[in-house]
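A.B. asks: Submitted below is the structure of interest, expressed as structure tokens.
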Amino acid sequence: MAMSFTGLFSGAGGLDLGFEMAGFEHAYSSDIDEWSVRTLQENRPGWHSTEADVMELSPQDLPDSDVLLAGFPCQGFSLGGNRKEGDERNYLFKEVVRLAKAKKPRFVLIENVLNLRTMTEPVSGKPFVDVISDHFEALGYHVKHNIFRVSGYGVPQTRRRFIFIASRDPFPKGFHWPSPEKDTPASDFLADIRDDMTDSLPNHNPEWGFRSRVHDETGESFDPEELPIPCRFSRTGSDGHPIRSLDVPFPAIDTATIWGWAQGNVVAERQEKDRINGSFVRNKDTDLKLWRIRASRLRSFTDREYARLQTFPDSWVFHGDNKRHTHKQIGNAVPVQFALRIGSFLKTVGAAQRSGKVMKPAGKGRSTQIELGI
């Protein structure tokens, strides 16, 4: 019989969808964001998905299920967010503990940014991961956690994610985390869409003519056979070069960074900014040169292109009343292919626990599935 799962903080459904693809039965999903819930409801009308504040959920609101998924907000931990030890969102794990205590799922799986492992909880002075572990161990759960670079798990990004598993039963003998595959290049997900200037795919409405006070679309003639080049339009003070290759994974796709395409006579160079008379000067005392891109034409990524990088299937449609709503849903999501692999892994952990057999890891670079052995 397939294990079932309940999703808290489900967002646009990346973690939940990955677990469904791994063979788990959906029991319930919830999120506080109305547009994320609409995305869930319209893509999976058969799911029980509700708009709810986790702090107001009672155990009676949740069905019984084998797995409780909880990708609670990462902004308080993330280097890309506020990174504040006292951020109230950092303590939403207590709501997960509260509901787990009442519902007693076989597994609790928490997904978050890697800094949850190192940031100190202000009251105890211990790393947050140790505080969370203490809470679950006090309920009788066994705990393991690890960091994953998702480019080795089917995702064309180098972002790293933290996975925490609390198991009611002891972990099986020979427990071994899934081994990474070969890095996934961005070309696997973007090569066939960069020249698609139609709206044949949902959330894909490409338009050349990126409006920018920083970058220059020159309108110069160019060879139409020249392929568009991926580039980063924001974070112009970054040390990383804004022109990227499709032959390797991208950096982490998030809710703030703007990516796009440049085509024809593409040049990227650092230039000094006028911090006396210029507009939008944040720090007049710095002499940092900023990246400027110049090309015959520019366009930003569509939501579908961002969703491809998060490995959502093209059939998954995002809903919102403006671009910010959809971009936020996509950027905050757990990459679906990573979720699929973690779900498949958890199934194998459960099978080994039931059978009493030893887990044997598959060879590196082959499959993330774990083989059962005597």
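A.B. asks: Based on the mean of other beta carbon atoms within 10 Å per residue, what is the order of 328-334, 313-319, 111-117, most packed first?
C.D. replies: Peptide ranking by packing, descending: 328-334, 111-117, 313-319.
A.B. asks: Round to the nearest 10 and give me the degree value, 0 to 90, for the angle of helix 336-355's Cα axis relative to the longest principal axis of the chain.
C.D. replies: 20 degrees
A.B. asks: Report the local net charge at residue 19: Lys and Arg +1, Asp and Glu -1, summed over other residues whose C-beta lies under 14 Å from its C-beta.
C.D. replies: Local net charge: -1.
A.B. asks: Per-residue counts of other Cβ atoms within 10 Å, averaged by peptide: what ranking do you get for 137-143, 258-264, highest first?
C.D. replies: Going by the mean number of other Cβ atoms within 10 Å, highest first, we get 258-264, 137-143.
A.B. asks: Which value does Rg/Rh take for region 149-298 over its C-alpha atoms, Rh per Kirkwood?
C.D. replies: Looking at region 149-298, the ratio lands at 1.09.
A.B. asks: Now, a different point. Which one, 57, 162, 329, projects farthest toward the positive side of the charge dipole computed for the chain from Cβ point charges (K/R +1, D/E -1)?
C.D. replies: Sorting the options by dipole projection puts first 162.
A.B. asks: Using the scaling law 2.2 N^0.38 Å as the reference, what is the normalised Cα Rg of the chain?
C.D. replies: 1.06
A.B. asks: Okay, next question. Which order do the peptides 64-73, 347-356, 44-53 come out in when sorted by mean C-beta neighbours inside 10 angstrom, highest first?
C.D. replies: Highest mean packing first, the order is 64-73, 347-356, 44-53.
A.B. asks: Next question, about the same structure. Once the Cα atoms of helix 128-138 and of the chain are each reduced to a long axis, what angle between those two axes, in degrees from 0 to 90 to the nearest 10, is obtained?
C.D. replies: 20 degrees
A.B. asks: Determine the calculated [θ] at 222 nm for the chain from helices alone, applying -39500 (n - 2.57) to every DSSP H run no shorter than 4 residues and normalising by the residue count; nearest 500 deg cm²/dmol.
C.D. replies: Taken over the chain, the calculation gives -6500 deg cm²/dmol.
A.B. asks: On C-alpha positions alone, give me the angle between the axis of helix 323-332 and the longest principal axis of the chain, in degrees, nearest 10.
C.D. replies: 50 degrees
A.B. asks: Further, regarding this structure: Please report the antiparallel percentage of the DSSP beta bridges confined to the chain, to the nearest 5.
C.D. replies: Around 65 percent antiparallel, to the nearest 5.
A.B. asks: Tell me the label-point distance for the pair residue 147, residue 211, using the 7 Å Cα-to-Cβ offset, in nm and rounded to one decimal.
C.D. replies: Distance between label points: 4.1 nm.
A.B. asks: So between residue 317 and residue 218, what do we pick up on full extension, going 0.36 nm a residue minus the alpha carbon distance?
C.D. replies: 32.2 nm
A.B. asks: Take the Cα of residue 50, step 7 Å along the line toward its Cβ, and report every residue of region 1-15 whose backbone nitrogen sits under 20 Å from that point.
C.D. replies: 4-13
A.B. asks: Can you give the charge dipole size of the chain about its Cα centre, rounded to the nearest 20 debye, using +1 on the beta carbon of Lys and Arg and -1 on the beta carbon of Asp and Glu?
C.D. replies: Using only the charged Cβ atoms, the result is roughly 1240 debye.
A.B. asks: Using modelled backbone amide H atoms (1.01 Å from N, in-plane), which distant-in-sequence or interchain residues come within less than 5 Å of residue 50's amide H?
C.D. replies: Residues meeting the criterion, in which the H sits 1.01 Å from N, are 29, 30, 31.
Just so you know, all these numbers are worked out from the coordinates, no wet-lab data involved. Here the structure is a predicted model, which means the values were calculated and not measured. No Cβ is skipped: glycine too gets one built from the backbone with ideal geometry, and neighbour counts run over all protein chains shown.
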